[in-house]
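A.B. asks: Encoded as structure tokens, here's the structure I'll be asking about.
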Amino acid sequence: AQALRKAREQSHTVAHLQSVKRAARANELYRAAEHGDVHAVLQWTNDPRRPKLRLLLHALLRHKPLEETIFLHVLRWCPQAAQTPNHDGWYPLHLLCYLTARPTPLMLRALCAAGPIAAKMPTSTGWIPLQLLCQQAFARGKARATPSTITAVRQAYPDGALTYLPDGAEWGDRLPVELLPKELPALELCKQRMTCSDDQLRTFAAQHRSLDLKVRGAYRRRCEEACSNGAVFGVVEVIQELHQETGLVADAADENTGRLLLHDVVARCGATLDGWSLGFCLRA
């Protein structure tokens, strides 16, 4: 009996030490993600032996300049993250609407599709994602809320536009549309998306998805043309323009396009390729 108790205690001790080590490694990864250490995140997510951490996406979304490519990669790696709140009741959709410097329509649609319940869930302080997006509609001189981003979030929970801010909020007892600032570009179109009927909302959502794909496709063709001419600076210029429009070269449904484009840049633009341009294309 004593030997059995001792063996159990040792096994518990080993299991406890292993769990502590796993927790420590996870915490290190969370801190790295919050500081935008993409290399550490990719190293973890590309290792099949690593566990799928549902809160990794939450940590990554705290890095405000987060790029769409990395976001989509981690979401595909662990789709369950979209349905997982943190200890304050914040889902990834809340963090994307409130913190990320440039939430793109594709990022919002992907989260709403993977975890639709998040669109109607309030945080511990009572805010829903649509309210957070409108409250941070114009931050640091840049528009975060656009007609297409508002449509993406509102389509997941149409009644969100009629949900008043929580009691005691410093913004007062107001609707989300009343939070939109006057300096917001396309303010009237944003208000229209907030007040339109459900049928009109579905029509707008379909139009935005179609336009998003067309814009990305057109820019991809321009990238390919510049690449075929051997002009890497032309490729960089197109990528910069596209980033201002949508945030990404390749659409999520066509993830191989970016890889093929990078291969062509290296193969065809050797005469004009420098370290900075290669790094820029690689990140894109």
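A.B. asks: When Rg is the radius of gyration of the Cα atoms in the stretch 166-224 and Rh is its Kirkwood radius, what does Rg/Rh come to?
C.D. replies: With Rg and the Kirkwood Rh in hand, the quotient comes to 1.17.
A.B. asks: At q = 0.07, 0.09, 0.16 Å⁻¹, work out log10 I(q)/I(0) for the chain with the Debye formula, treating every Cα as an identical point scatterer and leaving solvent out; two decimals please.
C.D. replies: -0.32, -0.51, -1.26
A.B. asks: Using the charge dipole of the chain (Lys, Arg: +1 at Cβ; Asp, Glu: -1 at Cβ; taken about the Cα centre), state which of Leu133, Val38, Phe280 has its Cα farthest towards the positive end.
C.D. replies: Val38
A.B. asks: While we're on this one: Pick out, from His73, Gln240, Ala186, the residue whose Cα sits farthest towards the positive end of the charge dipole of the chain, with +1 on the Cβ of Lys and Arg and -1 on the Cβ of Asp and Glu.
C.D. replies: Ranked along the dipole, the leading option is His73.
A.B. asks: Then there's this: Would you please give the residues with an amide H less than 5 Å from that of Ala139, counting only those at least 5 places away or on a separate chain, with H modeled from the backbone geometry?
C.D. replies: For Ala139, the qualifying residues are Arg144.
A.B. asks: Do the sum for the chain: with -39,500 (n - 2.57) for every DSSP H run of n ≥ 4, divided by all residues, what is the mean residue ellipticity at 222 nm, to the nearest 500 deg cm²/dmol?
C.D. replies: Taking each H run of at least 4 residues, the total per residue is -18500 deg cm²/dmol.
A.B. asks: Please turn the phi angles of the stretch 185-201 into ³J(HN,Hα) values with the Karplus equation 6.51 cos²θ - 1.76 cosθ + 1.60 (θ = phi - 60°), one per residue in order, whole Hz, x for glycine and proline.
C.D. replies: x, 6, 4, 5, 5, 4, 5, 4, 5, 7, 10, 6, 6, 5, 5, 5, 4
A.B. asks: Under 17 Å between C-alpha atoms is the cut-off here; go through the chain and count lysine pairs that meet it, provided they're at least eight residues apart or on different chains.
C.D. replies: On the way: Lys21/Lys52; Lys64/Lys142; Lys142/Lys182; Lys182/Lys191.
So the count of such lysine pairs works out to 4.
A.B. asks: Going by Cα centres, the stretch 115-155 and the stretch 33-80 are how many Å apart?
C.D. replies: Measuring centre to centre over Cα atoms gives 21 Å.
A.B. asks: Just the ratio, please: alpha-carbon radius of gyration of the stretch 70-140 over 2.2 N^0.38 Å, N its number of residues.
C.D. replies: 1.02
A.B. asks: Still on this model: Calculate the dipole size of the chain relative to its Cα centre from +1 charges on Lys and Arg beta carbons and -1 charges on Asp and Glu beta carbons; express the result in debye to the nearest 20.
C.D. replies: Taking the Cα centre of the chain as origin, the dipole is about 1020 debye.
A.B. asks: Turning to a different aspect of this structure: Charges at C-beta only: +1 for Lys and Arg, -1 for Asp and Glu. How large is the resulting dipole of the stretch 144-212 about its Cα centre, in Debye rounded to 20? Could the numbers behind the result be given before it?
C.D. replies: Numbers: 8 positive and 10 negative charges, 58 e Å.
Using Cβ point charges on Lys, Arg, Asp and Glu, the stretch 144-212 gives about 280 debye.
A.B. asks: Could you work out which residue, out of Pro48, Pro185, Pro79, moves most in a Gaussian network model of the chain, that is, has the largest mean-square fluctuation with Cα springs under 10 Å?
C.D. replies: Looking only at Pro48, Pro185, Pro79, the largest GNM fluctuation is found for Pro48.
A.B. asks: Still on this structure, I have one more. How do 49-62, 208-221 rank on mean C-beta neighbours within 10 Å, highest first?
C.D. replies: Peptide ranking by packing, descending: 49-62, 208-221.
A.B. asks: Next question. Tell me, what HN-Hα J-couplings in whole Hz come from the Karplus equation 6.51 cos²θ - 1.76 cosθ + 1.60 at θ = phi - 60° for each residue of the stretch 44-53, using x for Gly and Pro?
C.D. replies: Coupling constants for the stretch 44-53: 6, 6, 8, 9, x, 7, 7, x, 7, 8 Hz.
All of the numbers you see were taken from the coordinates with simple rules; none came from a lab. The model shown is predicted, which means the values in this text are computed figures rather than measured ones. With ideal geometry, Cβ positions are generated from the backbone for all residues, glycine too; neighbour counts draw on all protein chains shown.
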